[in-house]
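I have placed the structure first, in the form of structure tokens, so that the comments after it can refer back to it.
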Amino acid sequence: MRLVVRSTGSHILAAALLLGVALPAAAGAPKSPYDKYRNETYSNDGLMSEQEEMRIGAQVHQQVLQKYRIVQDPEIAGYIQVLGDRIARSSKRPNIRYQFYVIDDSTVNAFALPGGYVYVHTGLLKLARTEEELSAAIAHEVGHVVARHGLRNVKKAQRTALIFGILGAGASVATGGGAAGEAAQVASQVMASGVMTRNSRDFEREADYLGLYTMRDAGYQPLGMALMFQRLNEAGTSAKSSSGGGIFASHPNANERIKNTLGEIDSHLGGTPAANTTAKGSRPRRASGAAKPAPNVNAGALAGNSGGFDQMKAALGGLANRQYRNPNGQNYPGQNQPGQNDPYSQPAPNDRPVLTRKP
């Protein structure tokens with residue numbers, strides 16, 4: 001179903017009707033929940049240095065590699081890295097190295113770690129129907145990195161001694177203090193506790209707010225965020241939330257998030273989609289002097305998908321029988337040995353070729 005609207009007011013109203021949410025009345029409407037974030041500035045002040053943040057992120061990332069199956073397919077992993085880089089460059093923290101990974105897991109989820117590590121489950125990739133929708137989810141996770149939510153969660157845990165046996169244990173990961181084995185053990189505890197990704201509702205609203213403007217600045221229509229929330233609502237993902245945190249844990253409900261998004265577009269983004277100024281090779285630019293495309297909300301593409309998105313979606317269908325090994329060259333629990341002709345297995349370090357006799 002395609003809904004085309006020709007004016008700002010009717011655009012937002014029609015979008016709200018289509019997505020099944022009610023916008024507040026104009027008279028006496030409550031303040032936006034995003035108002036508290038408008039003048040925020042972001043830095044590592046009062047947390048830890050950026051170098052320490054990179055170190056703790058890298059340590060916990062190694063635990064992620066041990067726990068999850070990371071997709072190696074270039075049509076999927078390569079596309080997500082390119083898309084993520086484009087989004088991160090438009091964020092309020094563009095000057096660190098972001099690394100984007102795809103986890104082979106049917107759960108609809110995504111999460112981020114300090115230092116620019118962002119993970120997207122294949123379940124979320126399958127759910128997203130357009131590049132706009134997927135960009136919204138990734139921009140939300142980048143928002144967590146920008147706002148240092150993971151670091152703020154660690155600081156709170158240290159202050160209240162919720163997860164660490166002694167105060168300052170988390171700092172040994174960040175600073176590299178103690179033996180390597182000790183740092184790895186603490187990183188494992190951090191990963192298992194989910195402290196870095198178990199964000200408060202305010203943190204999630206802030207990531208929504210930052211993500212909305214980031215995707216706009218990256219050339220995507222902000223309405224894609226409202227549609228992604230609608231997809232999540234339809235999929236009933238709240239019941240599948242990970243106890244360790246992620247894109248759904250402790251989030252405001254989908255209807256609230258849709259309402260917040262549409263209200264922000266109406267009040268602060270002019271009620272219109274972003275100008276189509278995407279990078280060469282992804283989507284065509286609007287010709288000089290040409291009229292802007294009419295805003296629309298539909299179940300298909302808002303502004304057209306890049307070829308990379310379509311290829312990624314096609315490649316997802318071939319993942320079912322592929323095998324992955326962790327960095328130690330071991331199969332993940334529950335997996336069979338890689339098939340003899342399986343070109344997608346990540347080889348164990350220092351694997352030697354095996355000669356086979358011809359029949």
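The values are calculated or read from the model by the stated rules, or taken from the named source; none is laboratory data. Bear in mind the structure is a predicted one, so any value in this text is a computation, not a measurement. Glycine also receives a Cβ, built like all others from the backbone with ideal geometry; neighbour counts cover every protein chain displayed.
Can you say whether Val21 is outside the structural domain of Asp217 (by TED's automatic domain parsing) and at pLDDT 60 or above, as far as the supplied structure shows? Taking the combined requirement at face value, the residue satisfies it.
Is it fair to say Lys92 is farther than 20 Å from Asp217 by Cα and of a type in the set (D, E, K, R)? Against the criterion (farther than 20 Å from Asp217 by Cα and of a type in the set (D, E, K, R)), Lys92 does not qualify. Applying the criterion of at least 3 residues that are without any contact (Cβ under 8 Å) to a residue 40 or more places away in the chain to the strands (runs of 3 or more DSSP E) found wholly in region 85-166 leaves 99-103.
When each of Gln63, Gln81, Gln51, Gln59 is tested for being assigned by TED's automatic domain parsing to the domain that holds Thr214, assigned to a helix (DSSP H, G or I) and surrounded by fewer than 15 Cβ atoms within 10 Å (Cβ to Cβ), the lone residue that passes is Gln51.
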